[in-house]
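K.L.:
Questions regarding the structure given below will be posed in turn.
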Amino acid sequence: MPESIQIGGRAVGAGKPCLVVAEMAANHNGDLGLAMELARKAHAAGADLVKFQFRTPVLCIPEAQKVILKETPWGSMSYLEYRERLEFQSWQWDDLAAELHRLGIPWFASPWDLPSLTRLMRYDPPCLKVASACLTDLDLLHAMRQTGKPVIASTGMSNFPQIQRAVAALGPDRLILLHCRSTYPCPPEDLNLQAIVSLRERFAVPTGYSGHEVGLWTSLCAVVLGASVLERHFTDDRSRFGSDQAASVEPHGFADLVKQIRRWEEARGDGRLGEILDSERPVMARLRRVL
């Protein structure tokens, strides 16, 4: 297993500080101003990277889902029309990328189809993300590998043979696998956090966790289990419209989670045995009769 993978100038891997990702997904509801504001708030809360999604809805939505009617704040429309409404145009991505660059906020995205990957690469992201829904799209995975970028891949709603095929398509050299449950929100009894360890042992790559549960403590547990990357959905108001809002974390909670992760990293140490601290020696002199 590679000791670490370089993402945006920092090492990501076992024993390194956890890379904390704030997933915007569609929580901006197609509002460019809100997307910028969410990114600013996530960065201020301690996110190392903010993440978006690039989609060409007509290509990546299953045919049977396109015509299903959906009630939205903008009226009743087909699911395809709804997804298209959430997507930014090229000029909007340009404006967003320029603003995040001005603010010094690093970002990347998950492309859901080949044209979206091409559009995303214009912005030279530090890494790419494979969404759980795309883990079986081997053409897309091969194309992502050809970019030479580090790839973070989520494994939600995937069985073991599907994960094996994805790893073979992506290659192990610049790959990070995230354990994930694609339920929004996911109950704790379904999380199976120990799979973070199992993925690392089976595939010999850095592993992490993409969480969709309510609350923070399970995400901290994932880091304690060795997650090199932690991804949580981010919003400024969980009552907003959208399928991901209920499983998202608001700014104060996200900041608290990052704080607890950094405290754990300070407390983790290196595992060496038999070291007597200088701070222990005065206590030892007072309390230990036989030296």
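The values are calculated or read from the model by the stated rules, or taken from the named source; none is laboratory data. Nothing here was measured: the structure is a model prediction, and the numbers come from that model. When we count neighbours, we look across all protein chains shown, and the Cβ atoms used for this are built from the backbone with ideal geometry, even at glycine.
K.L.:
Please state which of the following conditions residue 189 fails to meet, knowing it meets all the rest: (1) crowded, with 23+ Cβ neighbours inside 10 Å; (2) modelled with pLDDT of 95 or more.
P.N.:
Only one criterion is unmet by residue 189, namely (1).
K.L.:
Within the range 145-154, can you find the residues that are part of a helix (DSSP H, G or I) and within 15 Å of residue 205 (Cβ to Cβ)?
P.N.:
Going through the range 145-154, the residues part of a helix (DSSP H, G or I) turn out to be 145-146.
Correct list: 145 only.
K.L.:
Pull up the range 117-152, narrow it to residues that are out of contact with any Cys (no Cβ under 8 Å at 6 or more places or on another chain) and of a type in the set (S, T, N, Q), then point me to the one that is farthest from residue 169 (Cα to Cα).
P.N.:
Among those residues, the one meeting the criterion is 118.
K.L.:
Does the range 162-189 hold any residues that are closer than 12 Å to residue 203 by Cβ and polar (S, T, N, Q), and which are they?
P.N.:
164
K.L.:
Which residues, counting only those in the range 151-166, are surrounded by fewer than 21 Cβ atoms within 10 Å (Cβ to Cβ) and not basic (Lys, Arg)? Spell out the reasoning first.
P.N.:
Narrowing the range 151-166 to residues surrounded by fewer than 21 Cβ atoms within 10 Å (Cβ to Cβ): 156-165.
Of everything in the range 151-166, those that are surrounded by fewer than 21 Cβ atoms within 10 Å (Cβ to Cβ) and not basic (Lys, Arg) turn out to be 156, 157, 158, 159, 160, 161, 162, 163, 164.
K.L.:
Quick one: how many residues across the range 85-105 are out of contact with any Phe, Trp or Tyr (no Cβ under 9 Å at 6 or more places or on another chain) and basic (Lys, Arg)?
P.N.:
The number of residues fulfilling the criteria is 1.
K.L.:
Sticking with this structure for a sec: I'm trying to understand the selection: among the residues of the range 45-76, which are polar (S, T, N, Q) and modelled with pLDDT of 95 or more?
P.N.:
Matches in the range 45-76: 53, 56, 65, 76.
K.L.:
What pairs come up if the first residue lies in the range 203-217 and is surrounded by fewer than 18 Cβ atoms within 10 Å (Cβ to Cβ), the second is in a loop (DSSP other than H, G, I, E, B), and their beta carbons are under 6 Å apart, counting only those six or more places apart or on different chains?
P.N.:
Filtered contacts from the range 203-217: 204/1; 214/185.
K.L.:
Then there is this: Restricting attention to the range 87-140, which residues are among the aliphatic types (A, V, I, L, M), in contact with a Pro (Cβ under 9 Å, 6 or more places away or on another chain), part of a helix (DSSP H, G or I) and surrounded by 19 or more Cβ atoms within 10 Å (Cβ to Cβ)?
P.N.:
Of everything in the range 87-140, those that are among the aliphatic types (A, V, I, L, M), in contact with a Pro (Cβ under 9 Å, 6 or more places away or on another chain), part of a helix (DSSP H, G or I) and surrounded by 19 or more Cβ atoms within 10 Å (Cβ to Cβ) turn out to be 100, 117, 120, 140.
K.L.:
Enumerate the strands (runs of 3 or more DSSP E) found wholly within the range 155-266, keeping only those where 1 or more residues are farther than 30 Å from residue 33 by Cα and touching a Gly at 6+ places or on another chain (Cβ under 8 Å). Show your work before the answer.
P.N.:
Values: elements: 175-180, 207-211, 229-233.
Of the strands (runs of 3 or more DSSP E) lying wholly inside the range 155-266, those with at least 1 residues that are farther than 30 Å from residue 33 by Cα and touching a Gly at 6+ places or on another chain (Cβ under 8 Å) span 175-180, 207-211.
K.L.:
Can you spot a residue in the range 275-282 that is basic (Lys, Arg) and in contact (Cβ under 8 Å) with a residue 40 or more places away in the chain? Please lay out each step first, then the result.
P.N.:
Looking only at the range 275-282, we keep the residues that are basic (Lys, Arg), and these are 281.
From what's left, in contact (Cβ under 8 Å) with a residue 40 or more places away in the chain: none.
No; the residues of the range 275-282 include none that is basic (Lys, Arg) and in contact (Cβ under 8 Å) with a residue 40 or more places away in the chain.
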